[in-house]
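S.K.: One structure is given below, represented as structure tokens, and several questions about it will come after.
The values are calculated or read from the model by the stated rules, or taken from the named source; none is laboratory data. Keep in mind the model is a prediction, meaning the values are calculated, not measured. Counting neighbours? That spans all protein chains shown, and the Cβs are built from the backbone with ideal geometry, glycine included.
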Amino acid sequence: MRLPTPVRPSPRSIPVVLFLAVLMGSAGPAPAQSVGSSLPELPPRVWLGPDGEPLPLQTHDEILDFLSTAEVVDMDDIPEGITRPQKVLLEKDGIRMHAVFRNIDLEIKGERISDRFWTVFWDEDQFEVAAYRLARMLGMDNVPPAVPRTIGRSEGSLQIWLEGVMTERSRREEGLQSPLPRAWFLQNRLMYVFDNLIFNADRNLGNMLIDADWKFWLIDHTRAFQDTGDLRSPEEVTHVERVFWERLQALDEQQVSDQIGELIDDSALRSLMIRRERLVRHIEELIAERGEEVVLFDWDY
């Protein structure tokens, strides 16, 4: 599936601090995007380095630039996940950051995956970058920044490593509960909306991460963007964040192609836009049935 760029055929929990400050971030403009993607700005936030201390990088664009240009100091295999990702130590200008490198490019034919038979099923590292860019277009700030990156002779995706987090699996095993149940519920609901849009065939308890402020992070999207117009689980779509909803309605194929057209093929792009149309209709029906005040929400509680 891989062709030369740009054409492709295709916590450990610690004491809880103020959730809303991290969920929404502080106000302020981000610097110009240095990697050329011209994505909408997201609020700055605190990112942690390998020592658990805050990095001097706050905006998504600063993180993207670092991921794209920092020197690879060390790499280690990660003993989890079917795609054999690697944990990378990056360094630039005296700053160190961990990242995860995914190098996967599989075309799987004639197999049943996630309760569905696929004539062709793609498992692609660049889908991680596509998921990040699309989430950012829709106002989501809980998919970690990711960029295309070649390390040595291996093409793949490089995504910031979230320090001090736990998986949803660990949370359930230890019986931990969020101190803000409504915020927790709504973060989960928005995850279902996003996963239906991108047709994520591999959301599981290991790729749902929770930081010390109970912010929900979504990773591992290499099995998203499949070539189908179906919604994966529309019954799970019950609540939608208002900004996401407004941007979803306004999303057009040219906008999406400009941002992720180099990362997914034309048929996957068409399927994505069909799912967008069906998702919009589904949410419109929910609003008509239950009322806008029930279905739509803002991060203002």
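S.K.: Going through the stretch 225-247 one residue at a time, which ones are of a type in the set (Gly, Ala, Ser) and more than 11 Å from ILE198 (Cα to Cα)?
M.R.: SER233
S.K.: Does the stretch 164-180 contain at least one residue that is surrounded by 20 or more Cβ atoms within 10 Å (Cβ to Cβ) and farther than 27 Å from LEU67 by Cβ?
M.R.: No.
S.K.: If you take the residues of the stretch 83-127 that are outside any strand (DSSP E or B) and over 18 Å from the mean Cα position of the chain (by Cα), which of them is farthest from ILE160 (Cα to Cα)?
M.R.: ASP115
So that you can scan it fast, the table gives a plain yes or no per residue for (1) among the β-branched types (Val, Ile, Thr); (2) over 28 Å from ASN103 (Cα atoms); (3) within 13 Å of the chain's Cα centre (by Cα):
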site: ARG203; (1), (2), (3): no, no, yes
site: ALA212; (1), (2), (3): no, yes, no
site: GLU235; (1), (2), (3): no, yes, no
site: VAL240; (1), (2), (3): yes, yes, no
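S.K.: Something else about it: Quick test of your reading of the structure: ASN204 fulfils all but one of (1) surrounded by fewer than 19 Cβ atoms within 10 Å (Cβ to Cβ); (2) assigned to a helix (DSSP H, G or I); (3) among the polar types (S, T, N, Q). Name the failing condition by number.
M.R.: (2)
S.K.: Could I ask something else about it? Do the conditions hold for VAL147, that is, is it in a loop (DSSP other than H, G, I, E, B) and either in contact with a Pro (Cβ under 6 Å, 6 or more places away or on another chain) or within 22 Å of ILE104 (Cβ to Cβ) (or both)?
M.R.: Spelling it out, it is not the case that VAL147 is in a loop (DSSP other than H, G, I, E, B) and either in contact with a Pro (Cβ under 6 Å, 6 or more places away or on another chain) or within 22 Å of ILE104 (Cβ to Cβ) (or both).
S.K.: Among the residues of the stretch 56-80 satisfying the criterion of being within 21 Å of the chain's Cα centre (by Cα), in a loop (DSSP other than H, G, I, E, B) and modelled with pLDDT of 90 or more, which is nearest to TYR132 (Cα to Cα)?
M.R.: Within the stretch 56-80, the match that is nearest to TYR132 (Cα to Cα) is THR59.
S.K.: I've got another one for you. Got a sec? Which of ARG232, ARG276 is charged (D, E, K, R), outside any loop (DSSP other than H, G, I, E, B) and touching a helix residue (DSSP H, G or I) at 6+ places or on another chain (Cβ under 8 Å)?
M.R.: Matching residue, one of ARG232, ARG276: ARG276.
S.K.: Sticking with this one: Could you check the stretch 184-201 and list, in sequence order, the residues that are in a helix (DSSP H, G or I) and of a type in the set (A, V, I, L, M)?
M.R.: LEU186, LEU190, MET191, VAL193, LEU197, ILE198
S.K.: Looking at this structure, is LEU218 closer than 24 Å to LEU296 by Cβ and within 14 Å of the chain's Cα centre (by Cα)?
M.R.: yes
Residues are listed down the side, and each one gets a yes or a no for (1) over 24 Å from ARG116 (Cα atoms); (2) among the β-branched types (Val, Ile, Thr):
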site: THR222; (1), (2): no, yes
site: GLU241; (1), (2): yes, no
site: GLU246; (1), (2): yes, no
site: GLN249; (1), (2): yes, no
site: SER257; (1), (2): yes, no
site: ALA268; (1), (2): no, no
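S.K.: Is it true that some residue in the stretch 242-250 is in a helix (DSSP H, G or I), among the basic types (Lys, Arg) and either within 19 Å of the chain's Cα centre (by Cα) or surrounded by 14 or more Cβ atoms within 10 Å (Cβ to Cβ) (or both)?
M.R.: Looking through the stretch 242-250, at least one residue is in a helix (DSSP H, G or I), among the basic types (Lys, Arg) and either within 19 Å of the chain's Cα centre (by Cα) or surrounded by 14 or more Cβ atoms within 10 Å (Cβ to Cβ) (or both).
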